[in-house]
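Below is one structure; the comments refer to it alone.
Nothing in this text is a laboratory measurement; each read-out follows from the coordinates by a stated rule. All values reported here derive from a predicted model rather than from experimental measurement. Positions of Cβ are backbone-derived with ideal geometry, glycine not excepted, and every protein chain shown enters the neighbour counts.
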Protein chains: 4
Amino acid sequence: MSVRTPDPDPDWTPNPDEPPKPNPNPGWLSDVELAEIRRRLPLLYVEAVPVRVDGLGQVVQVGVLLRARATGEMTRTVVSGRVMYGETLRDALFRHLEKDLGPMAFPQLPASPVPFSVAEYFPLPGLTVFTDDRQHAVSLAYVVPVTGTCEPRQDALEVTWMTPEEAASEAVSAEMEGGRGALLRAALASVGQLR
Amino acid sequence: MSVRTPDPDPDWTPNPDEPPKPNPNPGWLSDVELAEIRRRLPLLYVEAVPVRVDGLGQVVQVGVLLRARATGEMTRTVVSGRVMYGETLRDALFRHLEKDLGPMAFPQLPASPVPFSVAEYFPLPGLTVFTDDRQHAVSLAYVVPVTGTCEPRQDALEVTWMTPEEAASEAVSAEMEGGRGALLRAALASVGQLR
Amino acid sequence: MSVRTPDPDPDWTPNPDEPPKPNPNPGWLSDVELAEIRRRLPLLYVEAVPVRVDGLGQVVQVGVLLRARATGEMTRTVVSGRVMYGETLRDALFRHLEKDLGPMAFPQLPASPVPFSVAEYFPLPGLTVFTDDRQHAVSLAYVVPVTGTCEPRQDALEVTWMTPEEAASEAVSAEMEGGRGALLRAALASVGQLR
Amino acid sequence: MSVRTPDPDPDWTPNPDEPPKPNPNPGWLSDVELAEIRRRLPLLYVEAVPVRVDGLGQVVQVGVLLRARATGEMTRTVVSGRVMYGETLRDALFRHLEKDLGPMAFPQLPASPVPFSVAEYFPLPGLTVFTDDRQHAVSLAYVVPVTGTCEPRQDALEVTWMTPEEAASEAVSAEMEGGRGALLRAALASVGQLR
C-alpha cells in the first residue's frame, strides 16, 4: 500500500543536503499552506517521460527515475512536479526536467502544449488507475526527448534507460509509483512503441 | 480592458435568483477562501465548445454563449468552470455543460480525456493570448457535440449557433471573453473546420 | 505465419452469398488492377475500434470482430477497409462501420479527423509491429462509440464485447490479425483505459 | 484557378538540372503509371510545416516555401511529398524535408506518428477546403522544428521565415497552394500559436 504513497514533488520534500532557498515569489505557498490546500483543491502537475530518439525521431529508449523513499524503499517514477502560480506550463516542465535530470540533459520540449495523456490522481483508489495519498492532482503528461547527459539531482538516485519493451513490462509497472505504469504505457502507445 | 475581466465561473458568482445551496462537500471552498487561493495557485478549469454535428460526425454549427456582465456589458464565451476537489474531469465537464446549457442538451462527452487545447489564463496579458484578471487558470478545452435542446441557465442569456466561418470571424473573436476567440479557432482547427 | 495474412477488406474478398455488384464508380479498381497496385503503392485504410460508453463518455466495453478465414481459422480484428478514390475519410469510415457492424449500429463518428494512431502495415515483419502479407497499407485508426445493435455482415461472424482489461490482454492480442493487438492497446491508452 | 493546381511533388516533376536517377526500387512507379493511378486511387502524402523554436520548445518562426511554377507564377507551400511503396512515414517525411530544405536543416522529427491534421485534397473543390487538380491525395501533416540551415533544392526557390501572426494572415493564406493556408493555421493552432 505504501508503494502508492510517494512524494514525487521535491518542492514539498526539500532535500536536507541543500540549504533552504528563499521563496522566490511571495505568491507561492509555504509547506503548511500547501498541506492545507491539498485537502481542498485539485493541484495542477506536469509530468514528463524522458526518451532518447534516433535520427528519425523514433523512440529507442525510455528513462525511468529510481527514487529512494524516506522509508528506504525504492520506487520508480517519471519526471513530475507542481505548476506554480504565475508559471507557464513550459516553464514548469523545464524546471522539473532540470530538477530531476540535471542541467545537462538538454530536453527538447514539445512544440505542442497538448499532453499525450491527462492523469488524474486521487487519494482513494478506484476512481482512476492513478493514486496519490497526499492529494487530488491532475497531471498533464508529455514525452520529452533528451539529447544530453542525465544526472539526477535531489532525491532521484538514477535514471534507468530501458527499451520500450522493458518499460512496458509488468515488472516495471509493478514498481512505478501511484499507478504510473499505465502512464508509461500510454506514453509508449502515443509514440507508436507499445506492442 | 474590462472586456477581458469576465467571471465565467458561476461557482464564484452565485445566481441571485436561486437560493444559496448548502456546500455539498466540506472540502470545497468558501468564496473568501477561494479569493485568497486565486492569488496563490493556478486553478484547474475545464472548458467546452458545444457543437452540432451531421450524420458523419462533421461539425456544422458551433454554440457560443452570450453573457450579461454585472456592468451590463454583453460578452461571448464558451462553457467553462472550475474542477472541484475529488471531482473527475468528466464529472466537472458534465456539471458545467448542464449548468450552462441546461438539462436537455444531451452532450456527448469525448471518449478521450486529452483536450484539443490547453489554455493558460494569466491576470496580466502577454504571457499567452488568454487573460483572466481574477486568477491564473489552466483550462483543458474540449469540443462536445450536443444532440438536445440548449436552455442556458444562470447568467448565460442564450446560446448562439453559428457556422464554423462565423465562429472563426474577427467580429466574433472581438466579443469573446479573455481571448477565447483563439480558443474557438483552435477548436475549429481541431475538427478540420478552420479555413 | 498464415495467422498474419488476413484479408480484412471485403472489397477485395467478395461475399459469395451476395450477387456481384456493378462497379459504382468507373474510377475504382477491378480486383486484378488492385492486386497489381498492391505491389506498387501504399494503400490508404481507415480502421475503427467500436466501443460502448457510459453517460459521461467513458469507454466501458470494446467490440472486437471474430472472423472466419478461408482456411477455416478464426481470427480477431477491428473494423477495417480501404479508402476509395473520391471518397472522404468520413464516408469511408461510415461505409466500413456499416459493412462490418450492420445498419443499426448507429456509430458516432468523431468530430476530429485526427486518428488516435497511424498503423503502418508491411508485407514483411520487422519495420513496424503490423504486418499484412497482401500489401503495404497505412491505416488511420479511430475509436468510435456505437449506440445501437451490431449485426456483423459479410465474413465477420460476430462482435465480441469485452471489458478494456480483456481487450488489452495477452490472450486477445495473440488472436488479433496482423499485430492489431497493439492497435487495440493504443486505442485503450488514447481513451485513458489502459492499465 | 491555376493557383490551385500546383505540383508540389518533385518525384513527379524531375529537376532538369540533375541527371535522371535510376529507379531505386522496381516496385515504384513510372510517371505514366503514376498518372494513370492518380485517377483511380487516393495517394498518401506526408506534409511538414518547418518551424523554429525557442529554448522552451515554443514556436517562434514558421517556414513557408516559395516556389516558381512552370507558368512563371510564384506560389507558397509547405514541405510535401508522396509516401513510396515500402517506405515508412518517418522515412518519407525525412526524405521530403531533406529534398525541400536541404541536407543541413537538421529537422527534429516528432516522436509521435500522429499528425496534427489530416488534409484531404480532391480534384474538385467543395468536399474539403483543400484541392489538387492532379489527384485525390490524403496528407498526414506534422509540425517539424528545424535547427540548422535551410537551403531549398529543386524547384523551391526559398524558405521564408515568418512570425506566427504573419503565417496566419489572410495575405499569406491567399498565396498558399491548394488551400494550404488552412493547414498553416491548423499547424499554428496545434502549437498554441493561433490568435
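Structure values in brief
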| item | result |
| --- | --- |
| Cβ-vector label at 7 Å, C:T160, separations to other copies in nm | 3.4, 5.3, 5.8 |
| In Hz, Karplus ³J(HN,Hα) per residue of the range C:125-130 (6.51, -1.76, 1.60; θ = phi - 60°; x = Gly, Pro) | x, x, 5, 9, 7, 10 |
| Vicinal HN-Hα couplings computed from phi for the range A:50-58 (Karplus, 6.51 cos²θ - 1.76 cosθ + 1.60; Hz; Gly/Pro x) | x, 9, 10, 10, 8, x, 9, x, 7 |
| Label 7 Å beyond Cα on the Cβ vector: B:E175 copy-to-copy distances, nm | 3.4, 5.6, 5.9 |
| Using θ = phi - 60° and Karplus 6.51 cos²θ - 1.76 cosθ + 1.60, couplings along the range C:93-100 (whole Hz; Gly, Pro as x) | 4, 5, 4, 6, 5, 5, 4, 8 |
| Residue of chain C whose Cβ sits closest to the axis mapping C onto A, with distance in whole Å | C:A189, 2 |
| Per-copy distances of the C:A68 label point, shortest first, in nm (7 angstrom along Cα→Cβ) | 6.4, 6.6, 6.8 |
